[in-house]
Amino acid sequence: MDTNEQLIAFCQEALRIPSYSGQEQGVAELMKRKMEEYGFDEVIIDRFGSVLGTINGKRPGKTVLMDGHIDTVDVIDAPQWEHDPFGGEIADGKIYGRGASDMKGSDCAMITAAARFAEKTGRDFAGRVCVSCTVHEERFEGVSSREITRLAKPDLVIIGEATSTTVKRGQRGRAEVVVETEGVSCHSSNPEKGVNAVYAMTAVIDEIRKIVPNEHPLLGKGILELTDIISQPYPGASVVPSLCRATFDRRTLVGEDEAVILGQVNEAIA
Ligand SMILES: [Zn+2]
């Protein structure tokens, strides 16, 4: 079985292959190859491009899935990085790179852990251990992992997202709330002839920000955070915008369905 040095080298290799959402193929192939090298019983790449590896125990039992995503967010501030975002450099005992923490480090560790467990036990355990490396999590969270869940049918799932090396139980859900304001377009040299949709939106945002989020003892706050805003036409050269659209990221708690989420927003802006 591989050593810790080999695990570090594996992580560095994964970091040196850029894998923005939708461009994960190179890293997916690396993960598949490693699983095969480590003797996983079955390794597939599913229809979305996610990797799913399985190690079967000698006895029937439950399926444990260790799940991680292999895409990363973009590097938009490369000059500000002290280390090459795709260098996999080691400094002060840490590996640097885009996605080192979120979450290629964890992906590599989970693959290695599953392989070591299989070797240590001689596969004399009940059930199956699966490891998934999913795509497009940063843009479409949940889509590729749902497909993996359908394929692996796990009884238990361990997600390798960073939690400061502590165990966290459960996770908030996610919803997107889109709010639109309409105005009346006109030439911006005579704005009094129209209605500026963006000004209407700023008032709406002020009210939405006053919403007090529900709280759950384990999951924390059901936050609602503005993530983007755009006006139409865009760019609006000399035109008073007739439409403004704001998107909010809503992290949901147990029992918070569409009616609860939208009810809160509608009440705030009524
Ligand atoms: Zn992540």
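A few remarks follow.
- Percent of Cα-Cα distances greater than 17 Å, calculated over the stretch 61-146: 59 percent
- The chain: most fluctuating residue of K58, K104, K32 per GNM, C-alpha cutoff 10 Å: K58
- Over the Cα atoms of the chain, the radius of gyration divided by the Kirkwood radius equals 1.08; this is the Rg/Rh ratio.
- Percent of beta bridges antiparallel (DSSP, the stretch 4-159, rounded to nearest 5): 50 percent
- With all pairs of different C-alpha atoms in the average, the Kirkwood value for the hydrodynamic radius of the stretch 4-159 is 15.8 Å.
- Annotation: E207 carries an accessible surface of approximately 70 Å², with a 1.4 Å probe and no ligand, DNA or RNA atoms counted.
- Computed accessible area, F140, all protein chains, 1.4 angstrom probe, square angstrom: 120 Å²
- Note on the stretch 173-269: with charges restricted to the Cβ of Lys and Arg (+1) and Asp and Glu (-1), its dipole about the Cα centre is near 200 debye.
- The accessible-area ordering, largest first, of the residues V157, V27 stands as V157, V27, per a 1.4 angstrom probe.
- Percent accessible area from carbon and sulfur atoms, the stretch 173-269, protein chains only, probe 1.4 Å: 52 percent
- Rolling a 1.4 Å probe over the protein heavy atoms of the stretch 4-159, with every protein chain left in place, gives an accessible area that is 51 percent carbon and sulfur.
- Using a probe of 1.4 Å, the accessible surface attributed to T165 totals some 150 Å² when neighbouring protein chains are kept in position.
- Over the C-alpha trace of the stretch 1-96, radius of gyration and Dmax come out as 15.7, 53 angstrom.
- The mean accessible area for residues of the chain, using a 1.4 Å probe and ignoring ligands and nucleic acids, is 57 Å² per residue.
- For the stretch 121-269: Kirkwood Rh in Å [reciprocal of mean 1/r, alpha carbons]: 18.9 Å
- When the residues R59, R250, R128 are ordered by accessible surface, computed with a 1.4 Å probe over the protein chains alone, the sequence from largest down reads R59, R128, R250.
The values are calculated or read from the model by the stated rules, or taken from the named source; none is laboratory data. Quick caveat, the model's predicted, so the values are computed rather than measured. So basically every Cβ, Gly included, is an ideal-geometry build from the backbone, and we count neighbours across all protein chains shown. Note: accessible area is taken over every heavy atom of the protein model, side chains too, but ligands, DNA and RNA are not part of it. Shrake-Rupley method; radii C 1.70, N 1.55, O 1.52, S 1.80 Å.
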